[in-house]
Amino acid sequence: MSAGAALAEVSDKEPGKVQPSVINKRKLTPYLLLLPGVLWLAVFFVVPMFSLFGQSLQTGSFEEGYEQTFRFANYTEALSTYWPQFVRSFVYAGIATLLCLLIAYPLAYCIAFRSGRWKNALLVLVIAPFFTSFLIRTLAWQTILSDSGIVTTTLNTLHVTDVMRFLGLTEGDRLLATPLAVITGLTYNFLPFMTLPIYAALDRMDPRLIEAAQDLYSSPWTSFRKVTWPLSLAGVVAGTLLTFIPAAGDYINAQLLGAPAYRMIGNVIDSQFFRVLDYPTAAALSFTLMASILVLVSLYIRRAGTEELV
Amino acid sequence: MTESSPRQPGSGADLNLINVTKSFGDFVAVDDLSLTIPSGSFFALLGPSGCGKTTTLRMVAGLEEPTSGQILIGSEDVTYAKPYKRPVNTVFQSYALFPHLDIFENVAFGLRRRHVKDVKGQVEDILELTELTPLARRKPNQLSGGQQQRVALARALINRPAVLLLDEPLGALDLKLRRQMQLELKGIQNEVGLTFVHVTHDQEEAMTMADTIAVMNEGRVEQLGAPVDLYENPRTTFVANFLGQSNFFDATLSDRSAKVVTATVQGQRLGVPASRVYSPGDDVHLGVRPEKLTLSIQGDDSIPEGHNRLTGIVADSSFIGVSTEYRVEMAWGMQVTVFEQNVHHDIRIVPGASVVLSWDPANTFALDASQSVEAGIDSEVLEAVVGAPA
């Protein structure tokens with residue numbers, strides 16, 4: 001860009017008949033390239049956003065129609081009714097993100113540094129779940145966690161469910177229709193989004209840096225802490241965002257693996273829009289979700305101090 | 001760590017490798033290597049790629065474990081010690097600077113890991129020594145190759161290791177900068193007095209910097225000695241070819257008890273000092289360096305008495321500035337390379353001229369004919385072409 005601009009500036013000083021049109025074309029090229037994306041976003045993102053925001057301030061009912069009254073009380077009412085679902089969404093998404101990180105980091109590390117000729121095969125395996133639809137995969141977890149299934153009976157025999165119950169993650173002897181099931185489903189479904197960015201960051205890293213750290217008196221743990229981890233932080237940040245944001249707004253897992261008592265905010269928005277048909281409340285909730293995720297994410301990025309890394 | 005090896009900072013320590021062998025599967029990278037590197041010396045391991053020099057270095061650093069043998073630093077056995085518990089630091093070939101840390105923190109890295117006091121003062125001193133002070137707050141990717149090289153050196157030097165390992169540290173620099181850095185490195189080594197072990201495939205670099213060179217080939221030390229000694233008295237054709245160039249004549253020795261042994265080349269009798277015959281048998285490669293040869297026009301007899309002489313015809317000459325390189329074809333078809341200083345240039349010596357090659361017998365050496373005359377040539381040429389690091 002800058003080189004092109006500089007060139008254009010220089011050529012501007014030389015009078016010529018052909019050049020101005022060439023320069024104009026050059027100046028226009030980046031905008032032309034942006035045009036399809038900008039149009040797409042304008043039509044399918046910006047316009048709906050404004051209409052959604054407008055809707056969130058309306059009053060009325062589905063039968064009698066809604067009218068624009070700029071009623072900000074919609075927000076306070078929606079929040080005071082549904083704050084537990086909000087909190088639950090962020091807690092579940094937070095736990096799932098943490099679990100994803102704990103599972104994905106060692107996995108990505110192994111693929112990046114230790115897999116040798118199996119590297120590509122392992123990467124395909126990481127994304128293999130995407131060959132099936134999100135819905136089917138979540139339904140499969142229903143079967144896996146079913147009451148008479150091998151997982152539930154085994155964990156019961158080993159008294160793991162007792163521990164889970166103590167932690168408030170399960171109820172009775174069941175796994176299905178519990179917070180544990182929802183979190184498990186979220187973790188499973190979003191794991192690749194955590195694994196791939198971390199893998200990409202680690203794979204870019206020169207393994208000789210680890211040798212250099214050890215040569216400079218770092219134990220393996222210290223060299224991980226001082227070299228590997230900071231250099232993979234960009235991947236970790238990207239992975240947590242890609243996991244946390246969709247997980248916080250997800251409703252499929254809570255619907256198929258949870259119970260009405262463990263509804264997440266996505267389920268509320270879903271039912272307000274499509275069953276209760278209370279559009280202003282649904283819109284207010286959607287907007288609040290988006291705003292709170294934005295705030296959380298910007299706080300997180302500032303805290304991680306990785307603006308320059310990302 | 002350093003606490004375990006009581007020694008004066010900056011004094012260095014002897015490095016001993018005893019019968020060290022390293023194999024990777026069937027491939028023997030280092031074959032029963034024994035070396036003693038005295039404290040405070042600048043030691044070079046020189047050889048073509050794949051000769052085992054880098055593997056040797058990595059074993060000293062602790063990044064590879066020997067299959068068998070022992071490595072001692074001073075009196076301490078470090079054969080199986082972890083890399084972070086050895087008083088050894090490495091300047092890596094690719095520098096391996098930490099991209100997320102600035103220059104100051106890169107250099108301070110080793111001190112911080114050992115919880116040394118006065119990190120700031122020490123880092124500032126070493127940055128001063130390596131002329132990096134103005135760059136202290138830059139990130140490595142904002143530096144030029146030569147600057148990065150100095151950071152890598154400073155990062156290792158600041159720890160005052162007993163042994164400093166340099167793995168082709170100048171390989172990535174262009175020729176002019178490399179020459180400059182060679183002198184700087186040598187100067188720094190003189191100043192700090194540490195033991196430096198330097199791995200390189202560049203024979204000129206090894207000769208410029210090292211006190212002692214070990215020429216390695218196929219996992220073994222081919223010959224060890226001071227640069228001048230290796231150059232003047234190669235024991236094998238590999239060393240003769242790898243360090244500089246050599247002309248080899250097939251010769252047969254006779255009268256081996258004399259001080260100057262007679263060698264017969266295509267019926268011509270030449271002299272070679274008995275002390276420079278490294279061959280049990282009488283069949284030898286009779287070697288002489290191109291710059292030791294003198295060219296004169298036939299019949300123009302000013303050649304000193306007792307000098308070796310052979311006649312031939314100039315096939316080719318190329319002017320290189322300080323010298324002219326000639327190729328002289330012998331009657332039996334062999335081509336001899338001659339470097340003539342451009343001091344008294346004889347304009348009659350042009351391609352096609354009949355010339356006499358002469359040289360002092362003292363500059364002749366005789367090597368065992370069972371070796372290939374081309375040992376040490378192919379690998380070097382290949383390396384120059386591919387630019388492959390060892």
Residues with amide H under 5 Å from that of B:Arg138, placed H, sequence gap 5 or more: B:Ile103, B:Phe104
15 Å cut-off, amide nitrogen to a point 7 angstrom out along B:Ile303 Cα→Cβ, residues in the stretch B:231-269: B:263-269
Extension gain from B:Glu374 to B:Phe24, taking 0.36 nm per residue of separation minus the Cα-Cα distance: 123.3 nm
Using a Förster distance of 51 Å, the FRET efficiency for B:Glu128-A:Val47 (Cβ separation, nearest 0.05): 0.25
Folded to 0 to 90 degrees: helix B:175-192 orientation relative to chain B principal axis, Cα: 60
Rounded to 5, the percent of DSSP beta bridges in the protein assembly as shown classed as antiparallel: 75
For chain B, convex hull of alpha carbons as volume per residue, Å³: 168
The stretch B:35-125: translational diffusion in µm²/s, Stokes-Einstein, Kirkwood Rh over Cα pairs, 10 °C, 1.306 mPa s: 103
The stretch A:74-304 pair-distance distribution - Cα-Cα, 5 Å bins, rounded %: 1, 7, 12, 14, 15, 15, 13, 10, 7, 4, 2, 1, 0, 0
Averaged over B:84-94, number of beta-carbon atoms from partner chains that fall within 10 Å: 4
Derived scalar couplings ³J(HN,Hα) [the stretch B:66-71; Karplus, 6.51 cos²θ - 1.76 cosθ + 1.60; whole Hz; x for Gly, Pro]: x, 5, 8, x, 9, 10
Stokes-Einstein translational diffusion, the stretch A:219-291 - Kirkwood Rh over all Cα pairs, 0.692 mPa s, 37 °C, in µm²/s: 222
Where GluC sites (Glu not before Pro) fall in DSSP loop in the stretch B:54-146, at most 14 other Cβ within 10 Å: B:Glu131
Lysine pairs meeting the criterion (Cα under 28 Å, 8 or more apart or interchain), as found in chain B: 21
Residue-by-residue Karplus 3J(HN,Hα) for the stretch B:27-39, coefficients 6.51, -1.76, 1.60, Hz, glycine and proline x: 7, 8, 7, 10, 10, 6, 8, 10, 9, 10, 10, x, 4
Distant-in-sequence amide H partners of B:Thr311 (H built 1.01 Å from N, under 5 Å): B:Leu357
Neighbourhood net charge (12 Å Cβ-Cβ; Lys/Arg +1, Asp/Glu -1) for B:His198: -3
Estimated vicinal HN-Hα couplings, Hz - the stretch B:137-145 in sequence order (Karplus 6.51, -1.76, 1.60; Gly, Pro = x): 9, 7, 8, x, 6, 8, 9, 7, x
Relative contact order of the stretch B:237-374, pairs being alpha-carbon contacts under 8 Å that are 6 or more residues apart, as %: 32
DSSP bridge pairs, the stretch B:237-374: antiparallel proportion in percent, nearest 5: 95
Per residue convex hull volume, Cα atoms of the stretch B:2-232, in Å³: 119
Cut-off under 5 Å, modelled amide H: who pairs with B:Asp32 long-range: B:Thr21, B:Lys22
GNM top mover of B:Asn190, B:Asn342, B:Asn233 - chain B, alpha-carbon springs below 10 Å: B:Asn342
FRET efficiency, B:Trp332 to B:Thr208 (Cβ-Cβ, R0 41 Å, nearest 0.05): 0.65
Rounded tilt (10° steps) of B:119-129 against the dominant C-alpha axis of chain B: 20
Förster-model FRET efficiency, 51 Å R0, B:Asp316 and B:Thr36, C-beta, rounded to 0.05: 0.65
Simple spin-label estimate for A:Val276 and A:Asn120 in nanometres, 7 Å along Cα-Cβ: 5.2
Fluctuation leader among B:Ile213, B:Ile313, B:Ile71 - chain B, Gaussian network, Cα springs under 10 angstrom: B:Ile313
Shielding by partners - mean other protein chain Cβ count within 10 Å, residues of B:102-114: 3
Cα long-axis angle, helix B:103-113 against chain B (0 to 90 degrees, to the nearest 10): 70
Cα-projected label distance for A:Trp40 with B:Arg348, points at 7 Å along beta-carbon direction, nm: 8.5
Coarse-grained scattering of the protein assembly as shown at q = 0.05, 0.07, 0.11 Å⁻¹, given as base-10 log I(q)/I(0) from a Debye sum over alpha-carbon atoms: -0.45, -0.75, -1.17
Residue-span extension gain [B:Leu177 to B:Arg137] - 0.36 nm each, minus C-alpha spacing: 12.1 nm
DSSP-defined beta bridges in chain B - what % are antiparallel, rounded to 5: 75
Cα centroid of the stretch B:17-75 to Cα centroid of the stretch A:250-292, whole Å: 67
Taking chain B and dividing mean pair separation by its residue count, relative contact order in percent (alpha carbons under 8 Å, at least six apart): 17
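Read-outs: derived from the displayed coordinates by stated rules, not from any lab. Keep in mind it's a predicted model, so treat the numbers as computed, not measured. Cβ: placed from backbone, ideal geometry, glycine included. Neighbour counts: every protein chain shown.
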